[in-house]
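Working notes, structure below.
Taken together, the values in this text are just the output of simple stated rules run on the coordinates, not laboratory data. On a predicted model such as this, the values are computed, not experimentally measured, just so you know. Backbone-built Cβ (ideal geometry, glycine too); neighbour counts: all protein chains shown.
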Amino acid sequence: MGKEVLKVDNVSMKFNLSSEKVDSVKEYFIKLLKREMEYDEFWALQNISFSLEKGDRLGILGLNGAGKSTLLKVIAGVFKPTTGTITRKGKIAPLLELGAGFDMQYTGAENIYLYGAVLGYRKDFIRSKYDEIVAFSDLGKFINVPLKNYSSGMRSRLGFAIATIMEPEILILDEVLSVGDAKFRKKSEKKIKDMFDKEVTVLFVSHSLEQVKRLCNKAMILDHGQMKAFGDIDEVAEIYQKMIEEQ
Amino acid sequence: MKKQIENFMRYQFLLGELVKKGIKLKYRRSYLGIIWSLVEPLLEMIVLAIVFGTLFENDDKTFPVYILTGRLLYSFFSQGTKASLTSIRRNASMIKKVYVPKYLYPLSSVLFNYVIFLISLIVLVAVALVLGIYPTVYLVEAIVPLLLVLILTFGCGMILATLGVFFRDLEYLWNVALMLVMYTCAIFYYPDRLLDSGFDWILKGNPLYCIISMFRNAVFGRPLEMTTLIYATVFSFATVIVGLFIFHRQQDKFILHI
């Protein structure tokens with residue numbers, strides 16, 4: 001197979017549950033005096049190691065709270081892991097929550113530039129792709145309307161169109177294949193299929209084993225922050241099936 | 001270091017977009033739009049001039065220029081620091097979902113206020129000319145306080161942005177602190193009596209007062225005072241160093257608190 005694109009080496013992520021709630025000076029000092037700080041540690045991920053090669057499509061399976069989204073956010077660079085390192089080669093397109101960088105007061109057109117900039121695109125690149133984005137999002141004349149007047153479907157369509165316009169080396173999908181109406185869903189699935197054909201590396205989170213089987217060639221199971229299995233899709237799917245039945 | 005500069009270059013466009021967004025949204029949906037950045041200081045100057053000039057029987061004709069120089073610099077400092085203080089939380093939804101160098105948020109907050117501030121300097125030019133204060137050679141000195149106020153605001157902004165993530169109370173505390181800063185800046189009174197009274201350290205210890213007094217010297221055609229210059233410069237750069245240091249140390253924890 002091809003070259004290594006993503007390497008996750010011994011990554012752990014710790015959350016401090018108690019310190020999340022302290023946000024006033026008074027509380028801080030009370031907690032400090034009572035020595036209640038630094039309690040309630042919670043390891044969302046523990047010693048995760050794996051690597052993906054170009055063209056690999058990894059499905060991440062696991063129950064709610066298994067750490068799937070945390071893992072994707074660590075890979076996308078949103079969280080910094082408590083320990084361990086992540087090596088990425090090439091551009092990442094995180095389709096985590098579409099339109100995270102949108103501003104509600106801005107119009108659609110202005111948001112294309114803003115969100116594009118958030119994703120790290122260059123200005124001339126966005127300008128050259130502007131028409132393509134507008135066309136793909138199907139917004140027509142709504143493109144000059146402030147985003148707060150958009151329906152949620154319109155918003156995610158625009159988000160999807162901007163996030164997928166670049167040709168990334170690594171694509172992170174967190175159950176976003178269900179965007180918009182039937183017509184747009186078809187279009188977005190085709191777009192993602194096209195990206196697959198270009199040998200993009202994909203990380204995909206879903207609760208549906210069927211979908212993972214259809215799209216991925218590798219899979220991993222996460223359970224309470226630990227990696228239970230990693231390997232070819234068929235083997236892992238079998239283990240996962242058993243795991244669910246046992247519960 | 002090289003990596004950081006590369007990263008900065010990559011996100012330069014985003015910085016520009018964020019600055020633009022700040023300016024655009026500040027005046028969006030108002031009839032006068034960006035013209036407010038000229039009208040607002042002018043109206044405030046008129047009020048202050050009436051209260052502290054006419055009512056307190058101050059018969060100096062150039063008093064409005066004196067007020068305006070102080071007010072413009074102070075309001076940039078206060079708007080800039082306030083915006084940075086809340087910048088991380090305001091952009092929480094973005095920070096939680098996409099990777100962006102986080103210092104861009106306080107930095108862009110300071111910069112967009114700086115642009116508005118620079119635009120509002122037009123008012124100062126107009127009022128000065130009307131009241132018969134014409135530029136002298138010393139006006140060139142103005143570049144020094146204009147840069148220092150940016151550096152000082154950025155430094156304070158970084159410190160406040162970091163602390164603001166962990167303690168929400170800071171927003172209110174800082175408002176009170178700003179009031180203290182305002183009264184010790186000699187914006188609408190002459191500082192002479194205070195300077196002679198043995199409490200001169202209250203003014204001289206305030207870096208913003210030092211910057212304002214340098215700016216006034218430049219506008220009114222007087223040379224800069226060396227001690228003031230050195231103090232303000234050292235103080236401003238020190239806040240930037242402290243600010244960058246604590247921001248850098250804490251930034252990975254932000255996401256757990258917003």
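List, in the order given, every pair from A:K7/A:K187; A:K26/B:K24; A:K191/B:K96; A:K141/B:K96 whose Cα-Cα distance in the structure shown is over 28 Å.
As for pairs spanning more than 28 Å Cα to Cα, those are A:K7/A:K187; A:K26/B:K24; A:K141/B:K96.
Which of the three applies to the protein assembly as shown, rounded, prolate or oblate, going by the alpha-carbon gyration tensor with a ≥ b ≥ c and a/c under 1.5 meaning rounded?
prolate
For a quick check, take a GNM of chain B with Cα springs below 10 Å and name the residue from B:V98, B:V47, B:V123 with the largest mean-square fluctuation.
Ranking B:V98, B:V47, B:V123 by mean-square fluctuation puts B:V98 first.
Where a ≥ b ≥ c are the square roots of the eigenvalues of the C-alpha gyration tensor, would you call chain A rounded, which needs a/c under 1.5, or, failing that, prolate if a/b is larger than b/c, or oblate?
It comes out oblate by the Cα gyration axes.
Could you please report the charge total around A:G116, scoring K, R as +1 and D, E as -1 over all other residues with beta-carbon less than 10 angstrom from its beta-carbon?
So the environment of A:G116 carries a net charge of +3.
Excluding residues on the same chain fewer than 8 positions from B:K2, give the lysines whose Cα lies under 20 Å from its Cα.
A:K89, A:K91, B:K102
If you filter region A:112-212 for trypsin sites (Lys or Arg not before Pro), then keep DSSP loop positions with at most 12 other Cβ within 10 Å, what is left?
A:K198
Taking the Cα atoms only, what angle lies between the long axis of helix B:12-27 and the longest principal axis of chain B, rounded to 10 degrees?
Value to nearest ten degrees: 50.
Per residue of chain B, what 222 nm ellipticity follows from adding -39500 (n - 2.57) for every DSSP H run with n ≥ 4, rounded to the nearest 500?
-23500 deg cm²/dmol
Could you rank the peptides B:99-111, A:211-223 by their average count of other C-beta atoms within 10 Å per residue, with the highest value first?
Descending mean neighbour count gives B:99-111, A:211-223.
Give me a single rounded figure for A:112-123: the average over its residues of other chain Cβ atoms within 10 Å of their Cβ.
5
Taking each residue of A:76-82 in turn, how many C-beta atoms of other protein chains fall within 10 Å of its C-beta, and what is the average?
4
How shielded is B:89-96 by partner chains, expressed as the average number of their Cβ atoms within 10 Å of its Cβ atoms?
Mean partner shielding for this stretch: 3.
Highest mean first, what order results for B:206-218, B:237-249, B:14-26 on Cβ atoms within 10 Å?
Those peptides, ordered most packed to least, come out B:206-218, B:14-26, B:237-249.
Explain nothing, just compute: Karplus ³J(HN,Hα) = 6.51 cos²θ - 1.76 cosθ + 1.60, θ = phi - 60°, for every residue of region B:68-74 in order, whole Hz, x for Gly and Pro.
Couplings: 4, 4, x, 5, 4, 5, 5 Hz.
Hydropathy first: keep DSSP H helices in chain A averaging at least -1.0 on Kyte-Doolittle, then drop any whose Cα extent along the axis falls short of 18 Å, and list what survives.
Counting only whole DSSP H runs, the qualifying helices are A:123-137, A:233-246.
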